[in-house]
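The values are calculated or read from the model by the stated rules, or taken from the named source; none is laboratory data. This structure is a prediction, so every number in the text was calculated from the model and none was measured. So basically every Cβ, Gly included, is an ideal-geometry build from the backbone, and we count neighbours across all protein chains shown.
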Amino acid sequence: MNAVLVHDARAPGARALGRFKARHPDKVKTLRILDVDWPIATSAYQHLFAYVTNALMVDGEPLAFRCLRRALDAYEDVFGLSDKRRFDAFLTELLVPASEVLKAIHVSATPDIVWRAEDGVPLSLWLDECQCASPETVPAAVRRNALGDEASIRQAMQKFVLERNHG
């Protein structure tokens, strides 16, 4: 897995979504259906974009885009099933791919300034607060041994993605 953090690729939600639609035009119709069917899903993927940012590139694709594409694929697969099943399929595929990748990644500005997904702090906020944002590409430190706790990462992301919709 090749992971890099591209600071100048960071974009606010609307611009990031526009980039996603340009990259995946085949998903635009499903995205519109989802937005009408489940308005909370719109907030969920926007909050995921804030959590992992579209600047975290994994194998040449923003991790947030990969997660949203997989979530939309899962949503398409369950068209016609119950409301709960459709939303569960979407949410699961929005969060699981991110947690699988993030358990093996941490982002380091310095040896003492490190972002780990399981800490519950969105990467976008961490980048703003650590004052390490620059137009340069900064390698994400990729762990050879998966030291992150995938369940904790998923729980932190789910809390951020869902509780922000009610708070």
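Couple of notes before you dig in:
- The set of residues in the range 63-86 being in contact with a Ser or Thr (Cβ under 9 Å, 6 or more places away or on another chain) and within 23 Å of Ala104 (Cβ to Cβ) consists of Leu63, Ala64, Ala71, Asp73, Ala74.
- Within the range 120-134, the presence of a residue that is of a type in the set (Phe, Trp, Tyr), surrounded by 14 or more Cβ atoms within 10 Å (Cβ to Cβ) and modelled with pLDDT of 85 or more is excluded.
- Condition met for Ala146 (modelled with pLDDT under 80, part of a loop (DSSP other than H, G, I, E, B), in contact with a Leu (Cβ under 6 Å, 6 or more places away or on another chain) and not charged (D, E, K, R)): no
- Consider the range 1-57 and keep the residues that are basic (Lys, Arg) and assigned to a helix (DSSP H, G or I). The one that is modelled with the lowest pLDDT is Arg15.
- Being touching a residue at least 24 places away in the same chain (Cβ under 8 Å) and closer than 17 Å to Arg154 by Cα is a description that does not apply to Lys27.
- Residues satisfying the stated conditions in the range 49-107, i.e. among the aromatic types (Phe, Trp, Tyr) and within 21 Å of Arg32 (Cβ to Cβ): Phe49, Phe65, Tyr75, Phe79, Phe87, Phe90
- Qualifying residue in the range 32-39 (condition: touching a Ser or Thr at 6+ places or on another chain (Cβ under 9 Å) and more than 30 Å from Glu129 (Cβ to Cβ)): yes
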